[in-house]
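Structure record follows, encoded as structure tokens.
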Amino acid sequence: DFGDQLTWLRSELARASDDPSLDWIIVVGHRQLYGTKLFDFPPLTPYVMRHYFEPLFLEFGVDLYIGAHIHYYERTGPVKHGRKCRTGANGEEREKCPVHVINGAAGNCEGPEGRGLDHRLVESGVYNEVGYGKVDVTPEAIRFSFITTETGSDLEHVADTFE
């Protein structure tokens, strides 16, 4: 049970989706909704999160969800209900679906655990390097970059960028 959190989130997302001055809706939380990690505690947490939060994200047009908890970086393409969304390629109708990012690789690497059910949705992943995320937002695009760092140095490397 998420108590008043879902009521609050619904209210905030409704306000954001009704605001014509906002180009994008980005939600940040602790737990992931999608990812390749097979086991987590408590068990089935991503599925529970998906059950409660994904309908709100879809209803109010969330563009990007950034979670953490898992200690690596992973990114899906636009997804909903456990499948890739239509992107508008080849004349098909484009679906409005959020991209999901797991950005928990700052200071600890859990490494890859295996190929969970969501592996087919993942477009990029960094599992054995620490790093951080950077979000640049313009009226035209959200640009998220995951930047890997070498411990004890100033070296940086962009491991993944998407718009």
Practice problem: Those residues that are surrounded by fewer than 21 Cβ atoms within 10 Å (Cβ to Cβ) and hydrophobic (A, V, I, L, M, F, W, C), I need them from the stretch 55-65; list them, please. | Solution: LEU56, LEU58, PHE60
Quiz item: Restricting the stretch 28-39 to residues that are without any contact (Cβ under 8 Å) to a residue 40 or more places away in the chain and surrounded by 12 or more Cβ atoms within 10 Å (Cβ to Cβ), which is farthest from PHE144 (Cα to Cα)?
Solution: ARG31
Quiz prompt | Matching residues, the stretch 66-86, being open to solvent by 10 Å² or more (accessible area, probe 1.4 Å) and either assigned to a strand (DSSP E or B) or of a type in the set (Ser, Thr, Tyr) (or both) | solution = ILE66, ARG75, PRO78, LYS80, ARG83, LYS84
Self-check item: In the stretch 69-122, the residues that are of a type outside the set (Lys, Arg), touching a Leu at 6+ places or on another chain (Cβ under 9 Å), over 16 Å from VAL28 (Cα atoms) and at pLDDT 85 or above
Solution: GLY77, VAL79, HIS81, GLY82
Practice problem: Tell me, yes or no, whether the stretch 26-34 has at least one residue that is touching a Lys or Arg at 6+ places or on another chain (Cβ under 7 Å), assigned to a loop (DSSP other than H, G, I, E, B) and under 17 Å from ARG83 (Cα atoms). | Solution: yes
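Residue-by-condition table, conditions (1) outside any helix (DSSP H, G or I); (2) open to solvent by 60 Å² or more (accessible area, probe 1.4 Å):
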position: GLY3; (1), (2): yes, no
position: THR7; (1), (2): no, yes
position: GLU12; (1), (2): no, yes
position: ALA16; (1), (2): no, no
position: PHE41; (1), (2): yes, yes
position: PRO46; (1), (2): no, no
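The values are calculated or read from the model by the stated rules, or taken from the named source; none is laboratory data. Since we're looking at a predicted model, the values are computed, not measured. FYI the Cβ positions are ideal-geometry reconstructions off the backbone, even for glycines, and counts take in every protein chain you see. The protein model used for the area step is the full one, side chains on, heavy atoms only, and it has no ligands, DNA or RNA in it. Shrake-Rupley method; radii C 1.70, N 1.55, O 1.52, S 1.80 Å.
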